[in-house]
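Some notes on the structure that comes next.
Every number here is computed from the coordinates shown, using simple stated rules; none is lab data. As the structure is a prediction and not an experimental result, all values here were calculated from the model. So basically every Cβ, Gly included, is an ideal-geometry build from the backbone, and we count neighbours across all protein chains shown.
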Amino acid sequence: MTIADILLIAFGLIAIGAALAVVTTSRIVRAGLWLAVSFAGVAASVLVMTAELLAWVLVLIYVGAIVVLLLFATMLTQAPTDASAQMDRNRWPGVIIAAGVGLGLGAVFTGAIGWSRVDLAGVEPGSPAVLGEQIFAHWVLPFELLSLLLLSALIGSVMIATQGTRKRVD
C-alpha cells in the first residue's frame with residue numbers, strides 16, 4: 001500500500017463522513033458547510049490521482065460556487081435555520097427511495113459505461129487535453145444527468161422554501 005493509497009482512502013472517508021453529516025444534521029447552514037467539506041474531500045481525492053485540473057475545477061465550481069450560493073440563498077431568504085417540526089418527518093420512505101435510485105443509477109452507469117480502462121499510453125496523467133477529450137467524447141451523458149439532478153434539487157428546494165413562506169403569510 002502506497003502513500004497515495006492511504007491518502008485516497010483518508011480523503012474518501014472524509015468525503016463520505018461529511019456527506020453523511022449533510023443528510024443527518026438538522027440545521028441547514030451546518031449542512032451547507034458539511035457539503036463544502038464533502039466536496040473538498042472529493043477534490044482532494046482527485047488531486048491525489050494527479051488530475052489537478054479536475055480537482056481545481058471541483059473546488060472552484062462546487063465549493064466556490066454552489067455551496068456559497070446555497071448558503072447565501074439560505075441566509076438572504078431568512079429561511080429558518082433551526083430544526084422545525086415541519087421538517088421532522090418519517091425518514092424511512094426517503095431512505096428506501098434514495099437507496100433504490102442510487103442502486104438504479106449505479107446499475108445504469110455500470111451498464112452504459114462498463115468497467116473499461118482509458119488508454120493513457122504516451123500521455124501524462126491529468127492532461128487537460130485527455131480530460132477534455134474524455135469528457136466530451138465518452139462522459140457527456142453522466143455530466144448531463146448530473147446537471148439535471150442539480151436542477152431538480154434546486155427546483156425542489158425552491159418549492160419547499162415557497163411552501164414555507166406561504167404558510168407563514170396565511
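Which shape class, rounded, prolate or oblate, goes with segment 1-85 when its Cα gyration tensor gives a ≥ b ≥ c as root eigenvalues, a/c under 1.5 marks rounded, and past that a/b bigger than b/c marks prolate?
oblate
Residue by residue, what Karplus-based ³J(HN,Hα) values in Hz, rounded to whole numbers, does segment 64-70 have, using 6.51, -1.76 and 1.60 with θ = phi - 60° and x for Gly and Pro?
x, 10, 5, 5, 5, 4, 4
Could you list Met159, Met49 so that the one with the fewest beta carbons within 10 Å of its beta carbon is first and the one with the most is last?
Final ranking by Cβ density, sparse to dense: Met159, Met49.
Express the relative contact order of segment 1-85 as a whole percentage, based on alpha carbon pairs under 8 Å and six or more residues apart in sequence.
31 percent
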